Amino acid sequence: MGAMRLIRAYRALFENGPLVRLLAGEFVSSVGDWLYLVALLVVVYERESSAVLLGVVGAARVLPYVVLSVPAGIVADRFDRRIVLLVTDVARGAAMILLAWLVAIDGPLEVIVGLTLVAASFSAFFGPAIGAYLPSLVADEGQLGPANSAWATLDNLAYVIGPAIGGLLIAAGD
């Protein structure tokens, strides 16, 4: 009896167009985030051949999440969450385009790393905004658990798929 209710709850999620679009977009975005992290670390290591610098850059990329977590929560509470999601995704997309261009022209590594910190700063605002926005997309409290579960599952799946795609692309070319 409980399993059937659970299946119905997840099936109802697929009938919720705005929720499906948000989760699909977030999944694609998360895959891209993890893919670009692999690419960033490869670029850093190819340019400097320093494992220490590689570790510093990887750790520094997490710093905006720590520093901006409280302001990001305040923004998610006080402003239109859809606008916050849109602005942060557009800003991150622009940063990724600029990063790709900088890598293609062998731009300064310092600028590349700085731009990844800017992208991570926008990402720090995305998480609280999507978490706060999700409840407004479900029909009732019964869908909130499955919606949160679907979001977490897709986010974890992106954590596996993004680096795998990054590795395959690196293996396939220069």
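The values are calculated or read from the model by the stated rules, or taken from the named source; none is laboratory data. Predicted, not measured: the structure shown is a model, and the values here were computed from it. Note that we place each Cβ from the backbone using ideal geometry, even for glycine, and neighbour counts take in every protein chain shown. Ligands, DNA and RNA are excluded from the accessible area calculation, which covers all protein heavy atoms including side chains. Shrake-Rupley method; radii C 1.70, N 1.55, O 1.52, S 1.80 Å.
What are the residues in the range 61-72 that are open to solvent by less than 60 Å² (accessible area, probe 1.4 Å) and either modelled with pLDDT under 90 or not in a helix (DSSP H, G or I) (or both), if any? Residue satisfying the conditions is Arg61 alone.
Here the range 1-13 is the region considered, the condition is being in a helix (DSSP H, G or I) and free of Cβ contacts under 8 Å to residues at least 24 places away in the same chain, and the residue that is least open to solvent (accessible area, probe 1.4 Å) is Gly2.
Out of Leu109, Leu98, Leu157, one residue alone is touching a residue at least 24 places away in the same chain (Cβ under 8 Å) and either hydroxyl-bearing (Ser, Thr, Tyr) or farther than 30 Å from Met4 by Cα (or both). It is Leu109.
Mind listing just one residue for me: the one in the range 105-148 that is over 13 Å from the mean Cα position of the chain (by Cα) and β-branched (Val, Ile, Thr) and, of those, least open to solvent (accessible area, probe 1.4 Å)? Checked the range 105-148; the qualifying residue least open to solvent (accessible area, probe 1.4 Å) is Ile112. Candidates Val42, Val56, Val87, Val31: the one that is within 18 Å of the chain's Cα centre (by Cα), open to solvent by 30 Å² or more (accessible area, probe 1.4 Å) and of a type in the set (A, V, I, L, M) is Val87. Scanning the range 30-89 for residues being polar (S, T, N, Q) and closer than 22 Å to Ala171 by Cβ gives a total of 2. Filtering the range 14-24 for residues that are without any contact (Cβ under 8 Å) to a residue 60 or more places away in the chain, surrounded by 13 or more Cβ atoms within 10 Å (Cβ to Cβ) and closer than 27 Å to Leu144 by Cα leaves a non-empty set. All of Tyr45, Tyr10 fail the test of being over 30 Å from Gly167 (Cβ atoms) and either among the hydroxyl-bearing types (Ser, Thr, Tyr) or in contact with an Asp or Glu (Cβ under 6 Å, 6 or more places away or on another chain) (or both), apart from Tyr10.
Ala51 falls short on exactly one of the conditions (1) over 28 Å from Leu6 (Cα atoms); (2) within 19 Å of the chain's Cα centre (by Cα); (3) of a type outside the set (Ser, Thr, Tyr), and that condition is (2).
Consider the range 149-174 and keep the residues that are open to solvent by less than 40 Å² (accessible area, probe 1.4 Å) and aliphatic (A, V, I, L, M). The one that is farthest from Leu19 (Cα to Cα) is Ala158.
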